[in-house]
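S.K.: Structure below; questions to follow.
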């Protein structure tokens, strides 16, 4: 069984974790086109190479981010989401709403 | 002195039915088994392999940016890093489960008085939230000389002394139930305290007893550690 | 009598001559010793025929004596397909042969050969493939013939379990390479696990001869063992099989009834190599065996493998085996060397000096059997004239033992599973393994190292590499090389009359493989699937190499080009009990669980929770459920709702967070009030619902569905990892026990217990939230209407749950309070038309389909799924969830039954039950948008294909003005 290095709990069996999908930027939901929104919701890159994904350590309820190579199955790096998401995100009806994760 | 029974009190352990026939005493309004009906109620059993229910013993928890300060203000030692535990002078355990989450587990010696004292203190003005670990979690203590080998039958984390020394915490899965395991000593006996989902306590109790079987493990009451 | 025929010590490493035992095989009694395998005990009695082959029912005897072939499959009393050369002989055991018609010695199927006529090569492949239906014609016969042993259907499950083992280094195999690797690693401070399949450590040192004098192996083994056994850092598992390699050195090791899940930082595979057979006519006769099988019989069990031997070899090890046989008093009639001559002249001289004839450049062309093919009685020796070709005539030599040593194939199975690549050098006939993952190393003969000194050095080299990676040593590993060649490049001598077996398990002959290539199967993997070569119990241990050679040769390629068939886990057959043993299947119980049982509840699973379905005899389900429902409608009932999810949100941004997560507006939810909360995912699909209670400005308590709370909580945590709002989120599901006290008399019951709460309709109106004490227990009280009656949800800290239940039962006595179960609750809420998310919704259900537009705020800037809901709702709707009724005497639709619209399926029933309160069958169903009009009818196809016509009605079915819950 694969071992996942959790930034909080250290190396653990992958069975302790829940996959949370790729980290992706949400288009501005009030200004994007229907097509852009549909692509965000339904399309997945599935690329052969390094992907950035959400993973949850179930026992501690801790979400983190892992960079994983989908061809070699190598986990390259894991880190706290605050490395990417470090500011409060606001939504408003204004067309200039900040994009999540931008 | 009238005999205490679990059903004579309104606070009840999640596994009190597993302790049928035991003698109990009132701890913080719940019944704690002091001696079990059958088996060895002595220290040697605890030193070999034993299971003890500490669920009625007081415990509390706090989370937030000011949680550490809240505990510190109460004179409690703060573990330096997440997944470490420290012991207070009176025997409470301070668990650090993340940068900003702390649990305090009461001491058997004073029936958890230290926890009550902390709960009496006013919370900081902001960003410190009390947790419900008294009810969300059961507290089972596994003691004795075979702790890593016993847990290896139900848990995928290396809990041998070299990688899980005294004062370590593992948040992991035991028999497929999420738990917090704390490595400490109970009256000088090696102990893994296992804090599990209270609704799964009866299941985990049976799973642990099954795993302990080959090491001669038995249920004990708290008097075995006096 | 058997003891008379055994060899003297030190032969017989594994047996205890002081402990004789007897057991029966095919009805006859045999003597053996403690430590004997069944096969060795039988061989000690000169009983060689152990089994009948799969297809031709040919007699078969020991081939490897290492549990690596299918020849020794026998039947124990309660267990089929046991390897007789691995299974210990047990006093009093009753052992049978398998796969024969009549008796093992006189198998009618062998005489007639009538089974094989129906099974040409590719038989399975063809009959599964075409003509269509051929399989059904053959299935009966194949099932009768193909099964080998007999299952004991009265078998009682035994206790098998699993345990983790953690070590710095795991060493697989305890031969000279494994022992030296383990020692070196342990001495540097690593914790080491040493895994050995055999009962004793030493691997080839326990049976193989490495030098002229035959002393080197014993001396080295004694030295290494003494050091290993006293080393505190080394844990040894014998009779343990490492059955696979999984990612990050996760190794299942089976020992007895336990599967160890070994996790090692470094793994050293010193698994050795399998001796390879020579392909010639009748190479499968009992008495024909690997050289190592003969030496194992002698060294391990003190059993004489025969009286007059011929050794057929492609390397110098054959000469050493001949010396070993001679030392034990066995006549060696000849050494037949397929090469032009031995590498070591000294060896040849030593053999010659003992009167053994040597045939260089010769092979055994045919083994000549005794009557009924029961044993070898002579061999026909021919000069080799070209690759696979022999002279027209030769010499016949009598023998009752033929030892074969064509060479060795690395035990590469675990390494291929790890992604390693097996390469074959056609010119040197040597294998090598490459592309191994990090932290996995190989040592010894699996690494192509064949001299004893080099093997030991190679073990140390692998350990040094591991230690470097573990940072336990800075010593630079010294590369080890070995020039010794052990493989003869073409040990295949086809015979025009066949029976020159490539694969003993599957009875495949050389021509079968060649024919497969002529039918166009060029890839070894396709040849394997077509011919079934390598698919038997020995999984290509002996057949993979000759198959690759034959395929390469008949397709004008090299083995380098064709490759060798790979091996998937498990390495050796494992019992399902090992995989299934001690499975953990957690269940969750509420604080009131045992009270339900005491009151006769029929429990049902809800996720991993156990909940009461109803109370009483399961056979009376319908009547009990109706009675419980009527009781709630007329008097008062109580249901345990502790399994409901609970999530607390605290902090300055808790209202903002609620507003973003749920569809409704929450910023202005008043303190002390509840509000319905619907959750959609980013696709706009309804995935959960619950009730939001505002306890304080910055404090919400939200319920979620029993099965959905975990997901809701995770999604909340994940969103806030991105939004960074100032809110604390806690899953408090297990922290609270809860009941719903419902019915016209609910207030009267609660009034007796909740003395500090104003329960008047004005003081505590419908949808309000209060806190107070109930029976002295601190409680959260919610006025809810899920079942459509005056009702209170009472949430208390879990440790008080049972006391709360007890207090309610006591207080409720005078009002005839009764418990009701989940099934009853489902009926009651159905009467009110309330949707249960995941029962009445599916992966497509958006709020519009569920008529939940009222619970979706379009005024706020954002909620998860908002944009998708907007997009979907702007499109023409295709289906809708509607309420329907059917007359009480109609055949009742079940959940999932289809709703039709003309020829098409337009929807399905999601909930359906008879309601005594309404007096008819009621239900919810998705219907086509054109079928959704109240008053119209739509067809449902029920069991048996019947059609019933349901009428669309307004919801709710019962108490349309919702007066009862607001009392």
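The values are calculated or read from the model by the stated rules, or taken from the named source; none is laboratory data. None of the values given here were measured: they were computed from a predicted structure. Here Cβ is always computed from backbone atoms with ideal geometry, including for glycine, and neighbour counts include all displayed protein chains.
Let's see how each residue does on (1) touching a residue at least 40 places away in the same chain (Cβ under 8 Å); (2) part of a strand (DSSP E or B):
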position: C:857; (1), (2): yes, no
position: C:861; (1), (2): no, no
position: C:869; (1), (2): yes, no
position: C:877; (1), (2): yes, no
position: C:882; (1), (2): yes, yes
position: C:891; (1), (2): yes, no
position: C:896; (1), (2): no, no
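S.K.: Can you pull out the residues in the stretch A:66-87 that are part of a helix (DSSP H, G or I) and under 17 Å from residue A:1 (Cβ atoms)?
M.R.: Keep residues of the stretch A:66-87 that are part of a helix (DSSP H, G or I), which gives A:81-83.
If the condition is that a residue be part of a helix (DSSP H, G or I) and under 17 Å from residue A:1 (Cβ atoms), then no residue fits.
S.K.: What number goes with the only condition from (1) farther than 18 Å from residue B:133 by Cβ; (2) away from every other protein chain (no Cβ under 12 Å) that residue B:74 does not pass?
M.R.: (1)
S.K.: Continuing with the same structure: Output the residue which, of all residues in the stretch B:1-38 that are closer than 20 Å to residue B:116 by Cβ and assigned to a loop (DSSP other than H, G, I, E, B), is nearest to the chain's Cα centre (by Cα).
M.R.: B:13
S.K.: What is the residue count in the stretch C:799-828 for residues that are closer than 21 Å to residue C:604 by Cβ, touching a helix residue (DSSP H, G or I) at 6+ places or on another chain (Cβ under 8 Å) and assigned to a helix (DSSP H, G or I)?
M.R.: Adding up the residues that qualify gives 6.
S.K.: If you go through the stretch C:674-718, how many residues are within 27 Å of residue C:871 (Cβ to Cβ), in contact (Cβ under 8 Å) with a residue 24 or more places away in the chain and in contact with a strand residue (DSSP E or B) (Cβ under 9 Å, 6 or more places away or on another chain)?
M.R.: 22
S.K.: Do any strands (runs of 3 or more DSSP E) entirely within the stretch C:391-481 hold 1 or more residues that are touching a residue at least 60 places away in the same chain (Cβ under 8 Å), and if so, which? Spell out how you get there, then give the answer.
M.R.: Numbers: elements: C:395-398, C:401-405, C:407-410, C:421-425, C:430-434, C:440-442.
Result: C:395-398, C:401-405, C:407-410, C:421-425, C:440-442.
S.K.: So, of the residues in the stretch C:914-929 that are crowded, with 21+ Cβ neighbours inside 10 Å and within 45 Å of the chain's Cα centre (by Cα), which turns out to be farthest from residue C:634 (Cα to Cα)?
M.R.: C:927
S.K.: Restricting to the stretch C:497-544, name every residue that is without any contact (Cβ under 8 Å) to a residue 24 or more places away in the chain and touching a strand residue (DSSP E or B) at 6+ places or on another chain (Cβ under 9 Å).
M.R.: Listed by number, the residues that qualify are C:509, C:511.
S.K.: Could you tell me which numbered condition residue B:158 fails, if it satisfies all but one of (1) in contact with a helix residue (DSSP H, G or I) (Cβ under 9 Å, 6 or more places away or on another chain); (2) within 12 Å of chain C (Cβ to nearest Cβ); (3) assigned to a loop (DSSP other than H, G, I, E, B); (4) touching a residue at least 12 places away in the same chain (Cβ under 8 Å)?
M.R.: (4)
S.K.: OK, next. Is one or more of the residues making up the stretch C:790-806 within 29 Å of residue B:133 (Cβ to Cβ) and without any contact (Cβ under 8 Å) to a residue 40 or more places away in the chain?
M.R.: yes
S.K.: Sticking with this structure for a sec: Here are some residues: C:872, C:927. Which one is modelled with pLDDT of 95 or more and either more than 25 Å from residue A:35 (Cα to Cα) or out of contact with any helix residue (DSSP H, G or I) (no Cβ under 6 Å at 6 or more places or on another chain) (or both)?
M.R.: C:927
S.K.: Going by the conditions given, is residue B:219 farther than 18 Å from residue B:13 by Cβ, touching a strand residue (DSSP E or B) at 6+ places or on another chain (Cβ under 6 Å), more than 14 Å from chain C (Cβ to nearest Cβ) and in contact (Cβ under 8 Å) with a residue 60 or more places away in the chain? Spell out the reasoning first.
M.R.: Numbers: farther than 18 Å from residue B:13 by Cβ: no; touching a strand residue (DSSP E or B) at 6+ places or on another chain (Cβ under 6 Å): yes; more than 14 Å from chain C (Cβ to nearest Cβ): yes; in contact (Cβ under 8 Å) with a residue 60 or more places away in the chain: yes.
In short, no.
S.K.: Okay, next question. Residue pairs, Cβ under 8 Å, 6 or more apart or interchain, first in the stretch C:34-45 and farther than 15 Å from residue C:199 by Cβ, second at pLDDT 95 or above and in a helix (DSSP H, G or I). List them.
M.R.: C:43/C:297; C:43/C:301; C:44/C:301
S.K.: Among the numbered criteria (1) within 23 Å of residue C:727 (Cβ to Cβ); (2) part of a loop (DSSP other than H, G, I, E, B); (3) modelled with pLDDT under 95, which single criterion is violated by residue A:21?
M.R.: Going through the list (1) within 23 Å of residue C:727 (Cβ to Cβ); (2) part of a loop (DSSP other than H, G, I, E, B); (3) modelled with pLDDT under 95, residue A:21 breaks only (2).
S.K.: Given the criterion at the interface with another protein chain (Cβ under 9 Å from one of its Cβ atoms) and not in a helix (DSSP H, G or I), identify the matching residue among A:63, A:37, A:55.
M.R.: A:63
S.K.: Given the conditions (1) over 36 Å from the mean Cα position of the chain (by Cα); (2) surrounded by 17 or more Cβ atoms within 10 Å (Cβ to Cβ); (3) in a helix (DSSP H, G or I), report the number of the one that residue C:381 does not fulfil.
M.R.: Going through the list (1) over 36 Å from the mean Cα position of the chain (by Cα); (2) surrounded by 17 or more Cβ atoms within 10 Å (Cβ to Cβ); (3) in a helix (DSSP H, G or I), residue C:381 breaks only (3).
S.K.: Just to be sure I understand, how many residues within the stretch C:299-312 are more than 17 Å from residue C:334 (Cα to Cα) and surrounded by 24 or more Cβ atoms within 10 Å (Cβ to Cβ)?
M.R.: So the first thing to find is which residues in the stretch C:299-312 are more than 17 Å from residue C:334 (Cα to Cα), and the list is C:299-304.
Still in the list and also surrounded by 24 or more Cβ atoms within 10 Å (Cβ to Cβ): C:299-303.
So the answer is 5.
S.K.: Hey, any hits in the stretch C:575-585 for a residue that's within 14 Å of chain B (Cβ to nearest Cβ), more than 30 Å from residue C:614 (Cβ to Cβ) and in contact with a strand residue (DSSP E or B) (Cβ under 9 Å, 6 or more places away or on another chain)?
M.R.: Within the stretch C:575-585, the subset within 14 Å of chain B (Cβ to nearest Cβ) is C:581-585.
Now narrow it down to the ones that are more than 30 Å from residue C:614 (Cβ to Cβ): C:581-582.
With in contact with a strand residue (DSSP E or B) (Cβ under 9 Å, 6 or more places away or on another chain) added as a condition, the list becomes C:581-582.
Yes, there is a match, as at least one residue in the stretch C:575-585 is within 14 Å of chain B (Cβ to nearest Cβ), more than 30 Å from residue C:614 (Cβ to Cβ) and in contact with a strand residue (DSSP E or B) (Cβ under 9 Å, 6 or more places away or on another chain).
S.K.: Among the candidates C:41, C:66, single out the residue that is assigned by TED's automatic domain parsing to the domain that holds residue C:109, under 26 Å from residue C:327 (Cβ atoms), modelled with pLDDT under 95 and not in a strand (DSSP E or B). Give the derivation first.
M.R.: On the way: C:41 fails: modelled with pLDDT under 95.
Answer to the check: C:66.
S.K.: May I pose another question? Can you tell me which residues in the stretch C:593-602 are surrounded by 18 or more Cβ atoms within 10 Å (Cβ to Cβ) and either within 12 Å of another protein chain (Cβ to nearest Cβ) or out of contact with any helix residue (DSSP H, G or I) (no Cβ under 7 Å at 6 or more places or on another chain) (or both)?
M.R.: C:593, C:595, C:596, C:601
S.K.: Can you confirm whether residue B:201 is within 18 Å of residue B:53 (Cα to Cα), away from chain C (no Cβ under 13 Å) and not in a strand (DSSP E or B)? Spell out how you get there, then give the answer.
M.R.: On the way: within 18 Å of residue B:53 (Cα to Cα): yes; away from chain C (no Cβ under 13 Å): no; not in a strand (DSSP E or B): yes.
Answer is no for this residue.
S.K.: OK, next. Tell me the residue from C:249, C:208, C:307 that is within 14 Å of another protein chain (Cβ to nearest Cβ) and at pLDDT 95 or above, please. Give the steps one after another, and end with the answer.
M.R.: Working: C:208 fails: within 14 Å of another protein chain (Cβ to nearest Cβ); C:307 fails: within 14 Å of another protein chain (Cβ to nearest Cβ).
Result of the check over C:249, C:208, C:307: C:249.
S.K.: Scanning for something within 11 Å of another protein chain (Cβ to nearest Cβ) and either under 36 Å from the mean Cα position of the chain (by Cα) or on the phi < 0 side of the Ramachandran plot (or both), does the stretch C:610-633 turn up at least one residue?
M.R.: Of the stretch C:610-633, the ones within 11 Å of another protein chain (Cβ to nearest Cβ) are C:610.
Then keep just the ones that are either under 36 Å from the mean Cα position of the chain (by Cα) or on the phi < 0 side of the Ramachandran plot (or both); that gives C:610.
Yes, the stretch C:610-633 contains a residue that is within 11 Å of another protein chain (Cβ to nearest Cβ) and either under 36 Å from the mean Cα position of the chain (by Cα) or on the phi < 0 side of the Ramachandran plot (or both).
S.K.: Enumerate the helices (runs of 4 or more DSSP H) found wholly within the stretch C:515-585, keeping only those where 1 or more residues are under 19 Å from the mean Cα position of the chain (by Cα) and modelled with pLDDT of 90 or more.
M.R.: Per the criteria, C:576-580.
S.K.: Looking for something within 11 Å of chain C (Cβ to nearest Cβ) and under 27 Å from residue C:871 (Cα atoms) - is there at least one such residue anywhere in the stretch A:4-20?
M.R.: Yes, because at least one residue in the stretch A:4-20 is within 11 Å of chain C (Cβ to nearest Cβ) and under 27 Å from residue C:871 (Cα atoms).
S.K.: Considering only residues that are assigned to a strand (DSSP E or B), away from every other protein chain (no Cβ under 13 Å) and within 13 Å of the chain's Cα centre (by Cα), which ones fall in the stretch B:98-137? Spell out the reasoning first.
M.R.: Residues of the stretch B:98-137 that are assigned to a strand (DSSP E or B), as a first pass: B:98, B:101-105, B:129-131, B:137.
After this cut, where a residue has to be away from every other protein chain (no Cβ under 13 Å) as well, the list is B:102, B:104-105.
Selection gives B:104, B:105.
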